[in-house]
Amino acid sequence: MAKLKTTVDKNKCISSGDCIDTAPTVFAFDADDKSEVINQDGADAQTILAAARGCPVRAITVVDEETGVQLYPAPKK
């Protein structure tokens, strides 16, 4: 399983909660009701990627820490 680095751009986050619904062991709301990563290893890679893809404003970035490749969203070419 790839080691992932997951981040949330709080400036983009609209507090939809979709990421928390998909991966509640990875994401939670902070004091400002913005999503944050609470446990990088709280779910498998497929679940984390599904949570990122479910974000309506693409505020979640997922990078493979071993290779440095950004898995989501796909880097612009």
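The values are calculated or read from the model by the stated rules, or taken from the named source; none is laboratory data. None of the values given here were measured: they were computed from a predicted structure. Neighbour counts run over all protein chains shown; Cβ positions are idealised from the backbone, glycine included. With ligands, DNA and RNA removed, areas are computed over all heavy atoms of the protein, side chains included. Shrake-Rupley method; radii C 1.70, N 1.55, O 1.52, S 1.80 Å.
Taking amide H as placed 1.01 Å from N in the peptide plane, Leu4 has its amide H under 5 Å from the amide H of Glu65, each at least 5 places away in sequence or on another chain.
Using alpha carbons only, the radius of gyration of the chain set against its Kirkwood radius gives Rg/Rh = 0.94. Rolling a 1.4 angstrom probe over the chain with all protein chains present gives an accessible area of which 49% lies on carbon and sulfur atoms. In sequence order, the stretch 48-64 has phi-based couplings of 5, 5, 5, 5, 5, 5, x, 5, x, 10, 6, 8, 10, 10, 10, 10, 6 Hz under the Karplus curve 6.51 cos²θ - 1.76 cosθ + 1.60, θ = phi - 60°, and Gly or Pro positions carry x. Here's how it looks for Val37: its modeled amide H is under 5 Å from those of Val8, which are all 5 or more places away or on a different chain.
Here the dipole of the chain is about 420 debye; that uses its Cα centre as origin and unit charges on the Cβ of Lys and Arg (positive) and Asp and Glu (negative). Along the stretch 66-72 the Karplus relation, 6.51 cos²θ - 1.76 cosθ + 1.60 evaluated at θ = phi - 60°, assigns HN-Hα couplings of 6, 9, x, 7, 7, 8, 7 Hz to successive residues, with x for each Gly and Pro.
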